[in-house]
Amino acid sequence: MADTPKSALEFLEQLRRERTELDILISGLEKRLGIVSESAAGTDGLSPASPRITVSVDSIPVGFFHNLSQADAAEKLLRLNKGFALKTSEILTAFRKSGMHLNPKNSLPILYTTLKRSPKFQRVAGQAWGLTEWYPEKKKRKDAEETNTEG
């Protein structure tokens, strides 16, 4: 029985080395797939990492937005990057990368107008777009302002 604590400590050290190696492998695979985990974002590392999938412009496959309107495609892209607003130009770049056919002369103002007219999207910080459901306080303020001007 005297060997048991020593062998348990050796086994623990072996598992820690393997964990370090696995963390490196997992990190590399997450980077390749565009997944950002909480541990990579700089948390304390004590709680289990909850990965968040992001879609970078470089990882958009051809046909990703096939048969979707610009508004639906933008919504799909934003839902994959939950909580992270994107600029109009970033959304257009993703559309182009997927092979979506766009008017080369005025695709930016067309997309801007499409997003502006849809209640699904909210202009954030004057330069980016997010989903309205991500900003419930902003909607409440707007509704309150409308009732104050009517009354």
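The values are calculated or read from the model by the stated rules, or taken from the named source; none is laboratory data. Everything quoted here is computed from the prediction, not taken from an experiment. Using ideal geometry, Cβ is built from the backbone for each residue, glycine included, and neighbour counts are taken over all protein chains shown.
Residue count for the stretch 117-127, restricted to those that are outside any strand (DSSP E or B) and either over 16 Å from Q70 (Cβ atoms) or not hydroxyl-bearing (S, T, Y) (or both): 6. Reported count of residues in the stretch 72-116, each being over 14 Å from I60 (Cβ atoms) and among the acidic types (D, E), is 2. Can you say whether G130 is assigned by TED's automatic domain parsing to the domain that holds A71, surrounded by 13 or more Cβ atoms within 10 Å (Cβ to Cβ) and in a loop (DSSP other than H, G, I, E, B), as far as the supplied structure shows? So G130 fails the test. If the condition is being closer than 17 Å to F121 by Cβ and buried (at least 19 other Cβ atoms within 10 Å of the Cβ), then the stretch 82-101 contributes A85, L86, T88, I91, L92, A94, F95.
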